[in-house]
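Report on one structure; see the data block that follows.
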């Protein structure tokens, strides 16, 4: 950490000149430079969140009105079957993405860390979908999973003539199509983060475990993974905050269908806010999303900051 | 010793490889090849489908290469594909995206670089608190802030305009960019800054003459981050830009997911490729810098 030298230097200088600038004007250029940040932080992030929470207790329809109804919007929200489906879906999507992207991403990173050939090529291949838009990802998978002409037809051509794969128009499975597309796009990122984590581990670990004759898989499982705990936690937080935000992918891939069976909370908010002109309901839903994120975020931030503080003192 | 430290910093770890055709290597490369196949398949299918005529798409197998290569779908996707209302193709969306992309990237990076510099060298009372709030803001679901921002833009007279989307991109790009620049400037030796101060240089002069020239790599990382991020945006484009200014992603979705007419899968895939082309090119050219951008944003955050 650097000391804020500049303040005192400016003060000394102006004192020498015989006039002391008022406190607010000291370090003025930096304060002016920080005005956009302060505005965004206070008006944009804090102000807008508070506004949304405030109006989630009103019966606002297409325009915000201060007609307070207590928790009525929340009661309606939790009674709504569409919201329940959205929450179930985000849970399915979340659990599947977390489990699969973490395991596959970690395995890919381990495989790439074995002094293999063409490491760069493989890494480029696994990460390129991450550069694409969710809309692009959604539309490609819509085509691949097309029941008439997609992969299903290829399987029929091989000889399984009765084969049916209609995930996209199946109420049960449509959400898994979103999972598959999401994994295709996001696992590369997990791999890249895990690879960076593996590369950050002290190489002497490997020498020591070889001397002790411990097989590689056990070294990974019992020594490397525990050492990579911070990387895992950070990755977890990134994936989790991404899961809550998923919106474009559903719009492009299934548009929430069939029959609203693949709705997600972010889309619920959008639809009620801009499509159905039911602002109060949309804001109540968004507040629930915010609280969920805070439940994930606050323990993590607490851990991070307390660790840093301990590291500094110890 | 020095050499081993150096190796520890970069290059693969893991146990030493044995013979080239051991069972271990077969499993290893087998796994990687299967995974690479899965990851490349969609790109391959996109390209192949976009080069086929519609009858061939309907007849054949999505994996088979085109018997007769045609660029018709590409031309149609660019020039005449219909979004339900208009039949002007993706080109309108492309130019809208460009008009959104350039000012958003320039303004957001300009603000964030100065800001990161101020946060590293010119801290004032409360600067860290605002920065922490900013970082927390990066995790707030956008849905919470969508409507109040509509009101703010309407008050500013920017709702449903290109200026409005640009402002929104600057707001939501700020946390990650500021973090990126702050972390970079934090690694600049303090003595350099102090020496310039002693020589009498002020806030802007130190920034322009000392910090800017030495921070070009981080600017490249920031540009990559913003270009791909803004180009790929859908949510802000559809809400804040207004129907005539829809960016390419929104138009693409409108073209492909219109319910009317015959589904032209080849045109759809050409349109999808056209939309994905810019970020893909950026990704393939930038290579390691792209990874560095996301790692800087992700791991250090």
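The values are calculated or read from the model by the stated rules, or taken from the named source; none is laboratory data. Note that the coordinates shown come from a computational prediction; the quantities given were computed from them, not determined experimentally. Cβ coordinates were reconstructed from backbone atoms using ideal geometry, including for glycine residues, and neighbour counts include every protein chain displayed.
Quick check, is residue B:240 within 16 Å of residue B:47 (Cβ to Cβ) and crowded, with 23+ Cβ neighbours inside 10 Å? Before you say what the answer is, go through the steps one by one.
Numbers: within 16 Å of residue B:47 (Cβ to Cβ): no; crowded, with 23+ Cβ neighbours inside 10 Å: yes.
The answer is no for residue B:240.
Within segment B:261-295, can you find the residues that are more than 7 Å from chain A (Cβ to nearest Cβ) and more than 14 Å from the chain's Cα centre (by Cα)?
B:261, B:262, B:263, B:264, B:266, B:267, B:270, B:271, B:273, B:274, B:288
Out of the residues in segment B:120-141 that are in a helix (DSSP H, G or I) and more than 25 Å from the chain's Cα centre (by Cα), state the one that is nearest to residue B:230 (Cα to Cα).
At the first step, the residues of segment B:120-141 found to be in a helix (DSSP H, G or I) are B:120-121, B:127-137.
From the residues that got through so far, the ones that are more than 25 Å from the chain's Cα centre (by Cα) too are B:120-121, B:127-130.
On the way: B:120: 27, B:121: 29, B:127: 27, B:128: 27, B:129: 27, B:130: 24 Å.
Applying the filter and picking the extreme gives B:130.
Please give the number of the condition residue B:69 fails out of (1) over 26 Å from the mean Cα position of the chain (by Cα); (2) more than 8 Å from chain A (Cβ to nearest Cβ); (3) part of a helix (DSSP H, G or I).
(3)
Is at least one residue of segment A:118-135 closer than 21 Å to residue A:260 by Cα and either at pLDDT 85 or above or within 12 Å of chain B (Cβ to nearest Cβ) (or both)? Before the answer, list the steps.
Taking segment A:118-135 and keeping what is closer than 21 Å to residue A:260 by Cα, we get A:134-135.
Now narrow it down to the ones that are either at pLDDT 85 or above or within 12 Å of chain B (Cβ to nearest Cβ) (or both): A:134-135.
Scanning segment A:118-135 turns up at least one residue that is closer than 21 Å to residue A:260 by Cα and either at pLDDT 85 or above or within 12 Å of chain B (Cβ to nearest Cβ) (or both).
Among the residues of segment B:193-213, is any within 12 Å of another protein chain (Cβ to nearest Cβ), in contact (Cβ under 8 Å) with a residue 40 or more places away in the chain and closer than 29 Å to residue A:56 by Cα?
The answer is no; no qualifying residue exists.
So that you can scan it fast, the table gives a plain yes or no per residue for (1) touching a residue at least 60 places away in the same chain (Cβ under 8 Å); (2) more than 10 Å from chain B (Cβ to nearest Cβ); (3) over 21 Å from residue A:144 (Cα atoms):
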residue: A:240; (1), (2), (3): yes, no, yes
residue: A:243; (1), (2), (3): yes, yes, yes
residue: A:251; (1), (2), (3): yes, no, no
residue: A:258; (1), (2), (3): yes, yes, no
residue: A:280; (1), (2), (3): yes, yes, yes
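Out of contact with any strand residue (DSSP E or B) (no Cβ under 8 Å at 6 or more places or on another chain), in a helix (DSSP H, G or I) and assigned by TED's automatic domain parsing to the domain that holds residue B:218: is that true of residue B:152 in this structure? Explain how you work it out, then say what you get.
Numbers: out of contact with any strand residue (DSSP E or B) (no Cβ under 8 Å at 6 or more places or on another chain): yes; in a helix (DSSP H, G or I): yes; assigned by TED's automatic domain parsing to the domain that holds residue B:218: yes.
For residue B:152, the condition - out of contact with any strand residue (DSSP E or B) (no Cβ under 8 Å at 6 or more places or on another chain), in a helix (DSSP H, G or I) and assigned by TED's automatic domain parsing to the domain that holds residue B:218 - is met.
Of the numbered conditions (1) modelled with pLDDT of 85 or more; (2) within 22 Å of residue B:35 (Cα to Cα); (3) facing chain B (nearest Cβ under 10 Å), residue A:154 satisfies every one except a single condition; which is it?
(1)
Just to be sure before I move on: is residue A:177 more than 11 Å from chain B (Cβ to nearest Cβ) and buried (at least 16 other Cβ atoms within 10 Å of the Cβ) in the structure I sent? Let's see the steps before the verdict.
Working: more than 11 Å from chain B (Cβ to nearest Cβ): yes; buried (at least 16 other Cβ atoms within 10 Å of the Cβ): yes.
Spelling it out, residue A:177 is indeed more than 11 Å from chain B (Cβ to nearest Cβ) and buried (at least 16 other Cβ atoms within 10 Å of the Cβ).
The rows are residues; the columns are (1) modelled with pLDDT of 90 or more; (2) farther than 24 Å from residue A:69 by Cβ; (3) part of a helix (DSSP H, G or I).
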position: A:250; (1), (2), (3): yes, yes, yes
position: A:258; (1), (2), (3): no, yes, no
position: A:272; (1), (2), (3): yes, no, yes
position: A:282; (1), (2), (3): yes, no, yes
position: A:300; (1), (2), (3): no, yes, yes
position: A:303; (1), (2), (3): no, yes, yes
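Name the residues in segment A:136-151 that are more than 7 Å from every other protein chain (Cβ to nearest Cβ) and outside any helix (DSSP H, G or I), would you?
A:145, A:146, A:147, A:148, listed by residue number.
How many residues does segment B:20-29 contain that are part of a helix (DSSP H, G or I) and within 10 Å of chain A (Cβ to nearest Cβ)?
From segment B:20-29, those part of a helix (DSSP H, G or I) are B:23-29; that's our starting set.
Filter once more, so that each one left must be within 10 Å of chain A (Cβ to nearest Cβ): B:24-25, B:27-29.
Qualifying residue count, segment B:20-29: 5.
On the basis of being within 13 Å of chain B (Cβ to nearest Cβ) and outside any helix (DSSP H, G or I), does residue A:214 make the cut?
yes
Only one of B:149, B:153, B:101, B:90 is within 7 Å of chain A (Cβ to nearest Cβ), in contact (Cβ under 8 Å) with a residue 12 or more places away in the chain, crowded, with 20+ Cβ neighbours inside 10 Å and touching a helix residue (DSSP H, G or I) at 6+ places or on another chain (Cβ under 8 Å); which?
Working: B:153 fails: within 7 Å of chain A (Cβ to nearest Cβ); B:101 fails: within 7 Å of chain A (Cβ to nearest Cβ); B:90 fails: within 7 Å of chain A (Cβ to nearest Cβ).
Going through B:149, B:153, B:101, B:90 in turn, just one is within 7 Å of chain A (Cβ to nearest Cβ), in contact (Cβ under 8 Å) with a residue 12 or more places away in the chain, crowded, with 20+ Cβ neighbours inside 10 Å and touching a helix residue (DSSP H, G or I) at 6+ places or on another chain (Cβ under 8 Å): B:149.
Please give the number of the condition residue B:78 fails out of (1) in a helix (DSSP H, G or I); (2) within 14 Å of chain A (Cβ to nearest Cβ); (3) over 30 Å from residue B:217 (Cβ atoms).
Only one criterion is unmet by residue B:78, namely (2).
I'm told residue A:225 meets every condition in (1) touching a helix residue (DSSP H, G or I) at 6+ places or on another chain (Cβ under 8 Å); (2) within 21 Å of residue B:136 (Cα to Cα) except one. Can you identify the failing condition by its number?
(2)
Identify, by number, the condition in (1) assigned by TED's automatic domain parsing to the domain that holds residue B:262; (2) at pLDDT below 90 that residue B:68 doesn't meet.
Result: residue B:68 fails condition (1) only.
Looking for whichever is within 16 Å of the chain's Cα centre (by Cα) and without any contact (Cβ under 8 Å) to a residue 24 or more places away in the chain here; the options are A:291, A:214. Which one fits? Spell out how you get there, then give the answer.
Working: A:214 fails: within 16 Å of the chain's Cα centre (by Cα).
When all the criteria are applied, what remains is A:291.
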